[in-house]
Amino acid sequence: MKALLNPEPPLSIHIINQRNITRPKLHASLRFIPDLWIRRKCCLTVTAALDSATIDQLGIPESDIKNPSVSSSYRSSNFPKPNKTVLEAQARVCTGPTQTRPLNEDQAFKVLDTILRSVRGEIKDEEEVSKAQLGAFFAAMTIRANAFPEATQWSEGEKRAMNNFWPLLVRALPPDVIFIADPEGSIMGIGSSVGPQYVGNHTSEMRLVGALREILAGAHLGYEEVQGVLRDVLPLKVGDNECSGVGESLLSAFFIGQRMNRETDRELKAYCLAFDGELGPPPVADVSSLTHYGEPYDGNTRFFRSTLFVAAVRSCYGESSLLHGVEWMPPKGGVTEEQMLKFMGANTSLTPLQAKGLLEDDEVGFAYISQREASPSLYSLIGLREHIKKRPPLATTEKVQQFVRARGKEAMVAGFYHEAYEEPLLMLMKRRGVNSGLVVKGEEGALSMTTRLRSANASKGLPVNYCSGFRSLSMASAYELDGVSCESFNIEVNAKDYGFQPTDTPRTDRSVSQNIELGLAALRGEKGPAYDRIVLNAGMVDHLLGCDGAEDISSALDRAREAIDSGKALKRLLNYIKISHRVR
């Protein structure tokens, strides 16, 4: 069996059959890296052909043998897998008032039959339906029945399926799920007192149940109500399908219900600020300019992700960048900055204080912080989020975080896809008190603007490369200003206008190593689509944020090219990989 081993630094592995060792393709791209760096115990992933006897000899669980060059392999084997049949149904119904796609009769019968067999313990050929899935699915059905427009309420097929299965389900489902499915005893047509009388099992669950009654009716919560629930239940401590004494079904219903109801500004602010200072006040870096990059945490599954390489470029001329994210996040489970840094051998367990040191280091000037280290309460939700299927409110607000502050100016950049979140993201940035903010509709809803021409068959809505934002005309933050000294803007960036030749975006298709190869080749000065995207994204962000020296867009793009062509940007990235292991 062929596999890729990615040992932790303390682990030293000796493979007896050396003829079976092959080098990853990535090594060709790394041939210029100093031997000292290559020889680090933690630096590169080793490819090995391992048979079952060798695995037994090494004492490594087979579940831990994975291919670290592919993003999907970074999913923790500790997470139980969701039931696929119900998850597919959640993808259709656990969404907004206009995006929901009702199930037809065959689909509804299949889903409800799967749920019934699962709660009866009769599932044989697939994963059990988790409590989190039950909570999310039935919350979606309840909100659709109570609050959605006619077109996305229950289909005739869903009604017939529910009429057939509910008399059986109501005798098999636990009380918390019955409450979610029929909180007032008025939806299913069978009189039941469970929903109206359900209050939860203890104080924190009682608060959650009270909030859910509002959410399931299509209503909204106040700032304090949302924060109260979040602080009651997080961080999760999962065991025996229960978390922190709160039922997973209730918590998943809470998260997906708020997203389906379209969060208000005060609800989003509550999510955004709930765990500020969880580990103490953020450290303040002695830098003149700091940009916080909020990429979608669930990564890219199709196209080249450029932000890590953009950060290396910007650091060359005094624009510090702080990236944050996770190793793996549903629903996409795509390529992330943490995967790339880990694959290249960097330390991905930096604390905010250690990241501050890298931001201040004249040889580095950028840093990455994992949510695991900076916000353990929010990080504890990853497993639950996979079973919710659709993105919860946190998918928006986690992009607008300040794990390190700066002595000088601060800016924020975040990617988005759905235009309904353009203004809320900018509102949250202003609430953070930064001097300038920018939202970018890049490819895959990420931050990377593209040089390809807009397709004539492009989807409706805002185009790729659409940007909007604000910038202060003084050192005062946008939150402190009355709007007079704060300039707002929006623009559709056409790369051809700035001298870039139209090119298709490089495909990476979940390949961490391919994304790294493209980025490193570009930082070596190899001209092409990846090089152009790094230059475009560095220079355009500098210009739109109002960074010093970037008032003229041509000059901003030229200094990004110079940072690459001089070799400085590549050196900064390699310095980061080495120095990240030395910080204290």
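Data for the structure
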item: Total formal charge among the other residues, if their Cβ is under 13 angstrom from that of residue 229, Lys/Arg +1 and Asp/Glu -1; result: -3
item: At q = 0.17 Å⁻¹, base-10 log of I(q)/I(0) for region 365-430 (Debye sum, equal scatterers on each alpha carbon); result: -0.76
item: Potential lengthening between residue 126 and residue 101 on full extension [0.36 nm per residue; Cα-Cα distance subtracted]; result: 6.6 nm
item: Pairs from 81/342; 332/460; 389/430 whose Cα-Cα separation, in the structure shown, is over 28 Å; result: 389/430
item: Surface per residue (accessible, 1.4 Å probe) for region 459-584, Å²; result: 45 Å²
item: Efficiency of FRET from Cβ geometry, residue 262 and residue 172, R₀ 25 Å, rounded to 0.05; result: 0.15
item: Summed residue charge, Cβ within 14 Å of residue 259's Cβ, Lys/Arg positive, Asp/Glu negative; result: +3
item: Residue 117 paired with residue 571, simple spin-label distance in nm, labels 7 Å along Cα-to-beta-carbon; result: 6.4 nm
item: DSSP-loop GluC sites (Glu not before Pro) across region 87-164, with at most 16 other Cβ within 10 angstrom; result: 122, 126, 127
item: Simple label model, 7 Å out from Cα along Cβ direction - residue 524 to residue 504, nm; result: 2.4 nm
item: Area accessible to solvent at residue 527, 1.4 Å probe radius, in Å²; result: 130 Å²
item: Accessible surface, 1.4 Å probe, highest first, among residues 472, 186; result: 186, 472
item: Region 477-584 - Debye-derived log10 I(q)/I(0), Cα point model, q = 0.10, 0.14, 0.15 Å⁻¹; result: -0.40, -0.72, -0.80
item: Karplus (6.51, -1.76, 1.60) ³J(HN,Hα), θ = phi - 60°, over region 143-154, in Hz, Gly and Pro reported as x; result: 5, 4, 5, 8, 9, 7, x, 3, 5, 10, 6, 4
item: Distance from region 294-325 to region 340-354 (C-alpha centre basis), Å; result: 14 Å
item: Calculated FRET efficiency for the pair residue 496/residue 150, C-beta based, R₀ 51 Å, to 0.05; result: 0.70
item: Within region 530-547, backbone nitrogen closer than 19 Å to the virtual label 7 Å beyond the Cα of residue 562 toward Cβ; result: 532, 534-544, 546-547
item: Cα-based shape type of region 284-581, given that a ≥ b ≥ c are square roots of the gyration tensor eigenvalues and the cut on a/c is 1.5; result: rounded
item: Which of 468, 349, 204 is most accessible, then next, and so on - probe 1.4 Å; result: 349, 204, 468
item: Amide N proximity, region 503-536 versus residue 453 label position 7 Å along Cα-to-Cβ, cut-off under 16 Å; result: 503-505
item: For peptides 279-285, 130-136, 360-366, 381-387, sequence by mean Cβ density within 10 Å, most packed first; result: 130-136, 381-387, 360-366, 279-285
item: Unit charges on C-beta of K, R, D, E only; dipole of region 84-262, Debye; result: 180 debye
item: Listed residues 145, 166, 206: farthest to the positive end of the dipole of region 84-262 (Cβ charges); result: 145
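The values are calculated or read from the model by the stated rules, or taken from the named source; none is laboratory data. As the structure is a computational prediction, the values presented were derived from the model and not from experiment. Positions of Cβ are backbone-derived with ideal geometry, glycine not excepted, and every protein chain shown enters the neighbour counts. Only protein heavy atoms, including side chains, enter the accessible area calculation; ligands, DNA and RNA are left aside. Shrake-Rupley method; radii C 1.70, N 1.55, O 1.52, S 1.80 Å.
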